[in-house]
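So the structure is just underneath, and the comments pick up after that.
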Amino acid sequence: MSKSETISGFNVEALASYDKSLELCKDNADAYSNRGLVFLSLGQRDQALLNFEKAIEVNNNYERAHNNRG
């Protein structure tokens with residue numbers, strides 16, 4: 001297994017974990033922000049930005065999401 005396959009597999013697992021977390025609690029700004037970071041690492045900038053913006057919508061004072069959004 002190559003390094004990129006390992007990273008990709010980890011990211012898929014991470015996305016599934018954050019999705020599950022958001023199913024349980026739609027107001028989890030951490031999960032949205034972290035899911036955004038995973039999308040960013042996969043090169044999916046638009047999806048990342050949507051998640052950072054959702055994290056900010058949930059908690060406008062969430063500095064990490066503001067910083068991640070750029």
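What's the extension gain from SER41 to SER21 if we count 0.36 nm per residue and subtract their Cα-Cα distance? Show your work: numbers first, answer last.
Numbers: separation 20, 0.36 × 20 = 7.20 nm, distance 1.96 nm.
This chain segment gains 5.2 nm when fully extended.
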### Message
Nearest 10 degrees is fine. How inclined is helix 29-41 to the longest principal axis of the chain, computing both from alpha carbons?
### Response
40 degrees
### Message
Output the 0 to 90 degree angle, nearest 10, between the alpha-carbon long axis of helix 45-58 and the longest principal axis computed from the alpha carbons of the chain.
### Response
30 degrees
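Return the carbon/sulfur percentage of the accessible area of the chain, one whole number, probe 1.4 Å, all protein chains in place.
Numbers: 2320 of 4710 Å².
So the carbon and sulfur contribution to the accessible surface is 49 percent.
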### Query
Among [x] 12.2, 35; [y] 12.2, 41; [z] 11.1, 33, which one is Rg and Dmax of the Cα atoms in Å computed from these coordinates?
[y]
#### Entry: For the chain: accessible area per residue (Å², 1.4 Å)
67 Å²
#### Entry: Max mean-square fluctuation residue, GNM over the chain, Cα-Cα springs under 10 Å, options ALA31, ALA48, ALA16
ALA16
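With n ≥ 4 as the cut-off for DSSP H runs, can you work out [θ] at 222 nm for the chain, using -39500 (n - 2.57) per run divided by the number of residues, rounded to the nearest 500? The partial results should precede the final answer.
Values: 4 runs with 56 residues, N = 70.
The helix-only estimate for the chain comes to -26000 deg cm²/dmol at 222 nm.
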#### Entry: Computed lengthening from GLU53 to ALA14, 0.36 nm per intervening residue step minus Cα-Cα distance
12.1 nm
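The values are calculated or read from the model by the stated rules, or taken from the named source; none is laboratory data. Note that the structure is a prediction, hence the values are computed from the model and not measured. Areas reflect the complete protein model, heavy atoms only, side chains present, ligands, DNA and RNA absent. Shrake-Rupley method; radii C 1.70, N 1.55, O 1.52, S 1.80 Å.
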